[in-house]
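Participant: I am attaching a structure below and will ask some questions about it afterwards.
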Amino acid sequence: MTIEDLGRAAALWVAFVGGLFVLRKVVPGKVHQGQLLKDGTRKSYKLNAFVILLLVCAFLGAGQATHLFSLSTVHRLFWPLLVVGNVFAVLETLWLFAVGRRARRARGAELKSVAHDLWFGAELNPDLWGVDLKMFAYVPSLIGLLVLNLSFAVVQWEELGHLTTRMMLYETFFTIYVFNYFQFEYGMLHTWDVIAENFGFMLVWGDAPFVPFFYSIGGWFVLRNPNPMAAWEAVALCTLFAVGLWVFRGTNQQKHDYKENPTAPIWGKTPETVGGKLLVSGFWGIGRKLNYTGELMVYFSWTLCSGAESIVPYVLPLWLVCLFSHRAWRDDQRCRAKYGALWDEYCRRARFRMIPFVY
Ligand code: NDP
């Protein structure tokens with residue numbers, strides 16, 4: 001890794017994140033209201049990530065097609081970009097820490113320990129020039145992940161003159177996932193990170209560099225796997241991906257619809273609830289965390305594209321199994337504290353967390 005490459009990576013990073021920030025600010029988008037906050041207010045969010053994604057794809061497609069640039073540069077600068085991403089996360093955390101504690105002092109709010117405020121963050125929803133930074137962080141994170149993954153396909157195209165079936169499936173699954181993610185951006189407003197977690201190093205580093213650089217790990221193995229894929233394998237992977245996406249997206253959508261309108265039909269029927277607060281219809285009556293299950297199926301589907309030659313790409317879905325198990329447990333604690341006996345009743349009605357009859 002040379003100093004020149006680090007300099008190029010830093011310039012690329014600043015242009016990418018800065019460009020997305022400007023787009024977030026200027027591109028029109030529908031304004032959504034966030035969940036009710038502890039102080040009784042709601043925050044407004046302009047959500048335009050889907051349009052930004054389309055603009056970025058058009059820009060990358062045009063640049064690639066006209067040979068103005070090649071995404072293989074991103075692949076070549078993978079490691080310098082990773083270093084820059086880590087430095088950026090540390091700097092952003094320090095800035096959030098300083099600004100957040102200053103704001104808390106000005107409000108006369110209690111200050112937690114330095115370690116707590118650095119790791120978990122001092123503020124729930126910090127803004128910069130009217131842009132909510134926590135919701136914005138998903139934009140470079142997920143679009144960055146897509147760009148890194150696409151760079152594997154470009155490298156294979158430049159080396160072989162064609163894409164393998166593995167690569168085509170891998171790229172198709174990821175691209176659908178990211179498009180679907182941003183098409184459902186409003187659903188993020190009801191997720192735990194947005195409603196309950198402050199914005200500190202844990203989320204800053206998790207969004208970038210961790211997600212783009214670690215979640216693209218399978219690309220390295222898809223790129224270098226010359227073994228053909230049998231038709232039945234391709235069909236099985238497409239099925240796993242499609243069912244996983246249906247469960248993942250369907251579960252999150254049902255909760256979102258319920259939070260927006262508690263009487264909106266689910267699977268054609270008026271939703272059943274526990275105490276008018278917890279949904280027990282649709283996926284939420286089958287398991288308490290089927291959104292995690294569906295997402296795991298999606299992750300396994302694209303990891304399996306890399307084949308069985310190495311265990312390394314499987315570290316990603318296995319890591320997610322651990323993350324989701326721990327997260328499900330933490331969310332369980334949170335909901336028991338918030339809903340009390342209603343949560344116990346809900347757990348009796350929806351007995352399993354992630355795998356019906358197993359867990
Ligand atoms: P959830 O979307 O399940 O949100 C949990 C919150 O939903 C609870 O705290 C509670 O909040 C509310 N809730 C729980 N059960 C019910 C119910 N039955 N009826 C109504 N409200 C309910 O979890 P996450 O925020 O953790 O995850 C959101 C998505 O993000 C998931 O699809 C997950 O897969 C994905 N994710 C992906 C990660 C990745 O790295 N790929 C990492 C983390 C998450 P309240 O009632 O207070 O609103």
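Participant: Computed over the Cα atoms of the chain, what is the ratio Rg over Rh, Rh following Kirkwood?
Facilitator: That ratio equals 0.97.
Participant: If a/c stays under 1.5 just call it rounded; otherwise compare a/b with b/c (prolate if a/b is bigger, oblate if not). Do that for segment 84-142, with a ≥ b ≥ c from the square roots of the Cα gyration tensor eigenvalues.
Facilitator: oblate
Participant: Which far-off residues, 5 or more places away or on another chain, put their amide H under 5 Å from the one on R353, with H placed in the peptide plane?
Facilitator: Here the answer is R288, Y359, since their amide H atoms fall under 5 Å of that of R353.
Participant: Determine ³J(HN,Hα), in whole Hz, for all residues of segment 149-157 in sequence, where each value follows from phi through the Karplus function 6.51 cos²θ - 1.76 cosθ + 1.60 and θ = phi - 60°; x replaces Gly and Pro.
Facilitator: Listing the rounded values in order: 5, 4, 5, 5, 5, 5, 4, 5, 4 Hz.
Participant: From the mean inverse distance of alpha carbon pairs (Kirkwood) and the Cα radius of gyration, derive Rg over Rh for segment 229-359.
Facilitator: Answer for segment 229-359: 1.04.
Participant: Enumerate the amide H contacts of E123 below 5 Å, restricted to partners 5 or more residues apart or on another chain; note that Pro and chain-start residues carry no placed amide H.
Facilitator: It is F199, by chain and number.
Participant: Another question, then. Run the helix sum for the chain: -39,500 (n - 2.57) per DSSP H stretch of 4+ residues, divided by residue count, reported at 222 nm to the nearest 500 deg cm²/dmol.
Facilitator: Details: 16 runs with 234 residues, N = 359.
Calculated at 222 nm, the ellipticity per residue is -21000 deg cm²/dmol.
Participant: Would you please state the base-10 log of I(q)/I(0) at q = 0.19, 0.21, 0.22 1/Å for segment 1-88, with intensities from the Debye formula using one equal scatterer on every alpha carbon?
Facilitator: -0.96, -1.05, -1.09
Participant: When the accessible area of the chain is split by element with a 1.4 Å probe, what percent falls to carbon and sulfur?
Facilitator: 68
Participant: Give the residue from P265, T164, L6 lying farthest towards the positive end of the charge dipole for the chain; charges sit on Cβ (+1 for Lys and Arg, -1 for Asp and Glu) and the dipole is referred to the Cα centre.
Facilitator: P265
Participant: Let me ask something else. Distance from the Cα centre of segment 296-359 to that of segment 206-273, in angstrom?
Facilitator: 13
Participant: Determine ³J(HN,Hα), in whole Hz, for all residues of segment 168-183 in sequence, where each value follows from phi through the Karplus function 6.51 cos²θ - 1.76 cosθ + 1.60 and θ = phi - 60°; x replaces Gly and Pro.
Facilitator: Once θ is set to phi - 60°, the couplings for segment 168-183 become 4, 5, 4, 5, 5, 4, 5, 5, 4, 4, 5, 4, 4, 4, 7, 5 Hz.
Participant: Whole number in Å², please: accessible area per residue of the chain, 1.4 Å probe, ligands, DNA and RNA not counted. Don't skip to the end; give the middle numbers.
Facilitator: Numbers: 17410 Å² over 359 residues.
Value for the chain: 49 Å² per residue.
Participant: Taking the full set of protein chains and a 1.4 angstrom probe, give the accessible area of E110 in square angstrom, rounded to the nearest 10.
Facilitator: Its heavy atoms expose roughly 120 Å² to the probe.
Participant: A follow-up question, please. What's the magnitude of the charge dipole for segment 39-150 around its Cα centre, counting Lys and Arg as +1 and Asp and Glu as -1 at the beta-carbon? Answer in Debye, nearest 20.
Facilitator: Details: 11 positive and 7 negative charges, 44 e Å.
Its charge dipole is roughly 200 debye.
Participant: If you don't mind, there's one more thing I want to ask. Equivalent ellipsoid semi-axes for segment 92-203, as square roots of 5 times the alpha carbon gyration tensor eigenvalues: give them largest first, rounded to whole Å.
Facilitator: They are 38, 15, 11 Å, listed from largest to smallest.
Participant: Quote the charge dipole size of the chain about the Cα centre in Debye, to the nearest 20; the model charges only the Cβ of Lys and Arg (+1) and of Asp and Glu (-1).
Facilitator: 1260
Participant: Under the 0.36 nm per residue contour assumption, what length would be gained going from the current alpha-carbon distance of N227 and N180 to full extension?
Facilitator: So the extension gain works out to 13.9 nm.
Participant: So what J values fall out for segment 62-79 if you push phi through Karplus, 6.51 cos²θ - 1.76 cosθ + 1.60 with θ = phi - 60°, rounded to Hz, Gly and Pro as x?
Facilitator: Each residue of segment 62-79 in turn: 5, x, 5, 5, 8, 6, 5, 8, 10, 5, 5, 4, 4, 5, 5, 9, 3, 5 Hz.
Participant: If you take the charge dipole of the chain about its Cα centre, with +1 on Lys and Arg Cβ and -1 on Asp and Glu Cβ, which of F152, A230, F324 is farthest toward its positive end?
Facilitator: Of the candidates, F324 comes out farthest on the positive side.
Participant: Among 282-288, 114-120, how do they line up from the highest to the lowest mean number of other beta-carbon atoms within 10 Å? Please list the in-between numbers first.
Facilitator: Details: 282-288: 21.4, 114-120: 15.0.
Sorting 282-288, 114-120 by mean packing, highest first, produces 282-288, 114-120.
Participant: Label A236 and E4 with points 7 Å out from Cα along Cα→Cβ: what is the distance between them in nm?
Facilitator: 4.7
The values are calculated or read from the model by the stated rules, or taken from the named source; none is laboratory data. Please read all numbers here as calculations on a predicted model, not as lab measurements. We place every Cβ from the backbone using ideal geometry, glycine too, and count neighbours over all the protein chains shown. We work out accessible area using only protein heavy atoms, side chains counted, and drop any ligands, DNA or RNA first. Shrake-Rupley method; radii C 1.70, N 1.55, O 1.52, S 1.80 Å.
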